[in-house]
Amino acid sequence: MDRILTANKKIKKTNRSQIFNLLYKKDSLSKRDIQLQLGLSLPTVTQHLTDLLNEGLIFQNGYMRNTGGRNAITYSFKDDAKLAIGLDITRHHITAVVINLQGAVIAQLRIRYTFERTDTYLRRLGEVVNQIISENAIDISRVLGVGVGLPGLTNASYDRIVYGKILDIEDSTTEDYSRYIHFPVRIFNDANAACDIELYSTTNTKPNGFYIMLSNNVGGAIFINDSVYTGDDFRSGEIGHLNIHPGGLRCYCGQRGCVDPYCSATVLTAISDGNLNQFFELLEQGDQTAQSIWSAYLQHLALAIRNVRVLFDCPIIIGGYVGAYIDKYLDELKQILDTYNSFDKNSDYVVACKYKTESIAAGAALYFVKKFLSAI
Ligand SMILES: [Zn+2]
């Protein structure tokens with residue numbers, strides 16, 4: 001008897017999540033559409049729709065003309081039934097975003113505030129969360145949690161930074177970052193978070209990918225079958241330390257010739273007082289120094305991309321600070337890559353990131369959205 005009850009419960013849960021997922025992917029459907037697409041009985045569909053309506057996860061959207069002449073009520077998924085907040089911590093900025101259940105950024109806040117490993121800084125983090133909530137009149141009962149993207153490697157349980165030389169955050173914990181945040185908090189490696197949101201926005205078509213984060217440091221993340229490949233010790237995808245020039249420039253990791261000293265955004269901003277926008281303005285104006293720095297930069301980047309492509313045979317997404325500008329120069333990059341290709345006929349596997357400055361924060365928030373959706 002118990003076994004039958006358990007089986008019934010399981011079927012009920014499957015039907016509910018099937019209905020929910022269908023509405024999540026489609027704009028608007030009638031009860032009859034749902035019934036036909038899923039092969040469920042009308043009372044079953046009715047019951048689950050009533051439950052989902054009562055829980056505020058879907059809403060009645062309007063009417064659709066049926067082929068039989070009668071108008072049918074349609075149902076839609078409520079994108080903002082729940083929300084998640086993401087933070088991106090860098091040396092000089094804190095970026096905060098609010099994303100909805102589709103992963104879309106609905107609010108964004110970026111402040112200049114220099115990182116320091118102090119209680120004052122952690123208090124400021126809490127204030128930023130409160131600020132984005134109040135400025136956007138967000139109902140706190142809808143907030144699922146706060147994801148924090150950090151330039152460091154986390155442990156397997158995502159609660160401690162095990163390698164964090166960039167900001168000297170080694171051994172900092174979730175407990176630290178959540179000290180002044182009154183929601184569940186989880187910490188993430190910045191590149192993994194950014195890669196996650198990029199692939200989420202193209203799910204179903206591209207389950208694999210390699211994300212290159214070209215910010216003031218170079219990071220990377222590998223996604224295989226919609227999941228991050230972490231490696232045994234959470235150190236995978238660290239393209240910043242791929243050796244492209246043995247004996248070359250010194251990297252902050254202690255080695256020479258890594259990608260990081262050749263492809264970090266600071267290589268470009270060395271001539272524009274740390275301002276990347278200004279660098280690209282100089283480039284557009286035909287400034288010769290900017291042009292020669294840029295063409296050397298693309299050569300190094302192409303070499304790194306080429307090595308990743310032969311290993312992983314998947315799309316390569318160019319993100320980070322430089323990724324936000326790469327659209328315009330993608331053809332130039334592809335032309336260099338074409339000369340390196342061993343198996344590919346062209347270099348269309350390289351794409352520009354969709355999310356620009358907000359990718360890390362949005363990706364960190366995405367964890368809470370995914371967790372919520374998978375529990376429905
Ligand atoms: Zn290195």
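The values are calculated or read from the model by the stated rules, or taken from the named source; none is laboratory data. Quick caveat, the model's predicted, so the values are computed rather than measured. Note that we place each Cβ from the backbone using ideal geometry, even for glycine, and neighbour counts take in every protein chain shown.
Brief remarks on what is shown
- Of all residues in the stretch 254-267, those that are among the small types (Gly, Ala, Ser) have Cβ atoms under 9 Å from Cβ atoms of residues that are assigned to a helix (DSSP H, G or I) and within 8 Å of the ligand (Cβ to nearest atom), 6 or more apart or on another chain, in Ser264/Gly240.
- Among (1) surrounded by fewer than 24 Cβ atoms within 10 Å (Cβ to Cβ); (2) farther than 16 Å from Asp313 by Cα - the single one Cys263 does not satisfy: (1)
- Every pair of residues 6+ apart whose Cβ atoms lie under 6 Å, when the first sits in the stretch 337-353 and is closer than 23 Å to Met213 by Cβ while the second is of a type in the set (Gly, Ala, Ser): Leu337/Ala302; Leu337/Ser347; Cys353/Gly319; Cys353/Gly323
- In the condition set (1) surrounded by 18 or more Cβ atoms within 10 Å (Cβ to Cβ); (2) touching a residue at least 60 places away in the same chain (Cβ under 8 Å); (3) more than 11 Å from the ligand (Cβ to nearest atom), Cys314 is compliant with all but (1).
- With respect to the stated conditions, Asp168 is in contact (Cβ under 8 Å) with a residue 24 or more places away in the chain, more than 21 Å from the chain's Cα centre (by Cα) and under 28 Å from Ser264 (Cα atoms).
- On inspection, Gly286 does not qualify as assigned by TED's automatic domain parsing to the domain that holds Asn225, small (Gly, Ala, Ser) and over 17 Å from Glu332 (Cα atoms).
- In the stretch 227-251, residue farthest from the ligand (Cβ to nearest atom) [restricted to those that are charged (D, E, K, R) and over 15 Å from Ala191 (Cα atoms)]: Asp232
- Residue under evaluation Thr118, criteria (1) at pLDDT 90 or above; (2) over 29 Å from the mean Cα position of the chain (by Cα), criterion not met: (2)
- Test: Asp260 is among the charged types (D, E, K, R), within 12 Å of the ligand (Cβ to nearest atom) and in contact with a helix residue (DSSP H, G or I) (Cβ under 9 Å, 6 or more places away or on another chain): yes
- Every listed requirement among (1) in the same structural domain as Ile99 (by TED's automatic domain parsing); (2) within 16 Å of the ligand (Cβ to nearest atom) is met by Tyr177 save one, (2).
- Looking across the stretch 317-333, just one residue is free of Cβ contacts under 8 Å to residues at least 24 places away in the same chain and touching a helix residue (DSSP H, G or I) at 6+ places or on another chain (Cβ under 9 Å), and that is Lys328.
- Residues of the stretch 273-295 classified as crowded, with 16+ Cβ neighbours inside 10 Å, within 18 Å of Lys356 (Cα to Cα) and out of contact with any Phe, Trp or Tyr (no Cβ under 7 Å at 6 or more places or on another chain), total: 1
- Boolean, Gln108 is of a type in the set (S, T, N, Q), over 25 Å from Lys25 (Cβ atoms) and in a strand (DSSP E or B): yes
- Within the stretch 216-226, the set of residues being among the hydrophobic types (A, V, I, L, M, F, W, C) and more than 11 Å from the ligand (Cβ to nearest atom) comprises Ala221, Ile222, Phe223, Ile224.
- Condition met for Asp232 (of a type in the set (D, E, K, R) and not assigned by TED's automatic domain parsing to the domain that holds Ile305): no
- In this structure, Val228 does not satisfy being of a type in the set (A, V, I, L, M, F, W, C) and in contact with a Lys or Arg (Cβ under 9 Å, 6 or more places away or on another chain).
- Among (1) surrounded by fewer than 14 Cβ atoms within 10 Å (Cβ to Cβ); (2) farther than 20 Å from Gly152 by Cα; (3) within 11 Å of the ligand (Cβ to nearest atom); (4) small (Gly, Ala, Ser) - the single one Gly254 does not satisfy: (2)
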